[in-house]
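The values are calculated or read from the model by the stated rules, or taken from the named source; none is laboratory data. Values in this document were obtained by computation on a predicted structure and should not be read as measured data. Methodologically, a virtual Cβ is constructed for each residue, glycine included, from the backbone with ideal geometry; neighbour enumeration extends over all protein chains shown. Side chains are part of the model used for accessible areas, which takes the heavy atoms of the whole protein and leaves out ligands, DNA and RNA. Shrake-Rupley method; radii C 1.70, N 1.55, O 1.52, S 1.80 Å.
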Amino acid sequence: MKQKKYLNVPKIIGHRGVKDLAPENTLDSIIEAFRIGLKWIEIDVKISKDNIPFLLHDDDFDRTTNGTGIASSYNYSQIKKLDAGKFFYKKDTKIYPPTLKEVLSLCKKNKGGINIELKPNLGLEKINVEEILKITNLFKEYVPLYFSSFDLDSCIAVKEISSSNSCGILIHNFNHYSFEEILKIIEKFKFFSCGLNIKIINTELVKRLKNMNQLITVFSEKNITNEQALYLWNIGVDSIFSDDPRDILYNFNSF
């Protein structure tokens, strides 16, 4: 059964804000995304030890902050003291990992939309989703959004809490599930979108997902080029995640 898409998701979504232009998953990166003209951004969210949803991509703090260890080991009051900009600027900054509530407030102010990737702490998948939804419910009238995750349990939890939530599955490869199995999962749980690694995208996958009325997004380990973006849009991909979309915005400003 097809589901109706009702979110006006643009062709370009800023990846972790715009991670090549400012420190990823920070207010600075999101502000920069809106400044250069993006309408939507993507962020990664998980919860702290005291169940505060905040932005972090990795399992631990080591790569993107001056902290170490996993999110569930620290209260947010400790996390806010971390420097989340030093890895990018190579000097001390006052940039910190923001809360989801701060980010949604920023999106509301800028009339922007958001894709929230659920990055669960191991064993805390359900409470991760529950705490994130408590925050997003406060903004649902003001900020268009949808959820996504590589973690199937997190996606299922989003839909089980409320069938009206828009959520999509993200796919690096077909090592765990075949494409046919993915289609059955999408149908069973009425997922809204399917995000694919650029390495596995092809016209047949896009066609099959289009037949299920899926929002189709594409992500890449490297910034997607103008040529790649045009190809993806031409074969039916709805949106691409961009680390630095300035060239694409300049060349395809109608998007």
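Among the residues making up the stretch 217-236, those that are under 11 Å from LEU196 (Cβ atoms) and either surrounded by 22 or more Cβ atoms within 10 Å (Cβ to Cβ) or in contact (Cβ under 8 Å) with a residue 60 or more places away in the chain (or both) are THR217, VAL218, PHE219, LEU232.
When only residues in the stretch 196-254 that are assigned to a helix (DSSP H, G or I) and among the acidic types (Asp, Glu) count, which is farthest from ARG16 (Cα to Cα)? Please lay out each step first, then the result.
In the first step, residues of the stretch 196-254 are kept if they are assigned to a helix (DSSP H, G or I); the result is 203-211, 226-234, 246-251.
With the extra rule that they be among the acidic types (Asp, Glu), the set shrinks to 204, 227, 247.
On the way: GLU204: 29, GLU227: 22, ASP247: 18 Å.
Ranking the qualifying residues of the stretch 196-254, first place goes to GLU204.
Residues of the stretch 163-184 that are closer than 25 Å to LYS39 by Cβ and among the hydroxyl-bearing types (Ser, Thr, Tyr): SER164, SER166. Of the listed requirements (1) farther than 22 Å from ILE52 by Cα; (2) surrounded by fewer than 16 Cβ atoms within 10 Å (Cβ to Cβ), LYS81 misses just one: (1).
Could you identify the single residue in ILE43, ILE52, ILE47 that is open to solvent by 40 Å² or more (accessible area, probe 1.4 Å) and of a type in the set (A, V, I, L, M, F, W, C)?
Being open to solvent by 40 Å² or more (accessible area, probe 1.4 Å) and of a type in the set (A, V, I, L, M, F, W, C) holds for just one of ILE43, ILE52, ILE47, which is ILE52.
For the stretch 93-107, indicate whether the set of residues that are more than 30 Å from LYS11 (Cβ to Cβ), open to solvent by 20 Å² or more (accessible area, probe 1.4 Å) and not in a loop (DSSP other than H, G, I, E, B) is non-empty. Show your work before the answer.
Quick first cut of the stretch 93-107, residues more than 30 Å from LYS11 (Cβ to Cβ) only: 93-94, 96.
With the extra rule that they be open to solvent by 20 Å² or more (accessible area, probe 1.4 Å), the set shrinks to 93-94, 96.
If we keep only those that are not in a loop (DSSP other than H, G, I, E, B) as well, we get none.
No: the stretch 93-107 contains no residue that is more than 30 Å from LYS11 (Cβ to Cβ), open to solvent by 20 Å² or more (accessible area, probe 1.4 Å) and not in a loop (DSSP other than H, G, I, E, B).
The set of residues from the stretch 68-81 being in a loop (DSSP other than H, G, I, E, B) and under 21 Å from ASN128 (Cα atoms) comprises THR68, GLY69, TYR74, ASN75, LYS80.
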